Amino acid sequence: MTSTITAKERVKPRMDRARKTALAAGIFYLITFVSSIPAVFLIAPVLNDPNYITGSGADSQVILGCMLDIVNAATAIGSAVALFSLLRRHSAGLALGFVTSRLMEGVIVMIGVVSLLAIVTLRQAGAADGSDGTLVTIGHALVAVRNWTFLLGPSLVPGINALLLGTILYRSRLVPRIIPLLGLIGAPLIIVSVLTTAFGVNSGLSIFSNIATAPIFLWELSLGLWMTFKGFRSTPLTDEFNA
């Protein structure tokens, strides 16, 4: 009887390790949604008003949106770091690639954040030092930087993330295969959408862009929810990880 209880006590923490990994990664994924979606609306004034830098401004709102984007960048990196120790047991190359792409996504997002914060700083302190025309030109340039970071960061890199992480999850069966399949289907669509937009063939607001974005959105949301509330399935990979 004593040996049986001891065995159960030994198994429980081993099973908890994979569950904790899934929970941490899932929460990070969900926080990216909670932070990134309202950030889009909060920073809208500086993006949509061509004369924002010389106007009355909504600086507190924009700064809050930038802070949420910083949270988004941090949790994007955090989700990859949380999963790395498990994923590398299946494919070290794909796991490292996923961490690298998430890091790149976070850095690109931060560049966009800095460009918007620079507009706020110039609006608050620069109006008395330079002509309106000069300030407006600088403001347009900084918004252009942010728009490119949005296209290359939160738009393009998630397609790369989906190819890397989706491949591991599909092969390892850590989650139901329909979830990584959404990512593997959506990845080439969103990559094509971003590239055609970059070359002026497509628009980020076109029907094709919206269709291309949908599978990636569903992939990341369903993955975050599954990891948070269900955890990983029991597989040889989790058995090795828990050993």
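Values quoted throughout were computed directly from the atomic coordinates according to the rules given, and no laboratory measurement underlies them. Note that the structure is a prediction, hence the values are computed from the model and not measured. Quick reminder, even Gly has a Cβ in these numbers, built from the backbone with ideal geometry, and neighbours come from all protein chains shown.
Whole-Hz Karplus values for segment 146-163 come out as 4, 5, 5, 5, 5, 5, 7, x, x, 9, 7, 4, x, x, 5, 4, 5, 5 Hz, taken residue by residue from phi with 6.51 cos²θ - 1.76 cosθ + 1.60 and θ = phi - 60°; glycine and proline positions read x.
Between helix 2-42 and the chain there is an angle of about 20 degrees, using the helix long axis and the longest principal axis of the Cα atoms.
How much FRET efficiency would the formula 1/(1 + (r/R0)^6) give for ASP49 and ARG89, where r is the Cβ-Cβ distance and R0 is 45 Å, rounded to 0.05?
Working: r = 50 Å, r/R0 = 1.11.
Computed FRET efficiency for ASP49 and ARG89: 0.35.
Rounded to the nearest Hz, the phi-derived 3J(HN,Hα) couplings of segment 235-243 under the Karplus curve 6.51 cos²θ - 1.76 cosθ + 1.60 (θ = phi - 60°) are 9, x, 5, 5, 4, 5, 5, 7, 5, where x marks glycine and proline. The phi torsions of segment 181-187, fed into the Karplus equation with coefficients 6.51, -1.76 and 1.60 and a -60° offset, translate into couplings of 5, 4, x, 5, 6, x, 4 Hz, rounded to whole numbers, with Gly and Pro shown as x. Local charge for PRO176 was computed over the other residues whose Cβ lies under 13 Å away, with Lys and Arg +1 and Asp and Glu -1, and equals +4. So I have (1) 18.7; (2) 18.1; (3) 19.6, and one of them is Kirkwood radius over Cα pairs in Å calculated from this model. Which one is it? Correct label, based on the coordinates given: (3). A dipole drawn for the chain from +1 and -1 charges on Cβ atoms has a positive end, and of PRO154, GLY97, THR213 the residue lying farthest that way is GLY97.
Approximating the spin labels as points 7 Å out from Cα along Cα→Cβ, the ALA125-to-LEU96 distance works out to 4.2 nm. Rounded to the nearest 20, the size of the Cβ-charge dipole of the chain about its Cα centre is 1440 debye, with Lys and Arg at +1 and Asp and Glu at -1.
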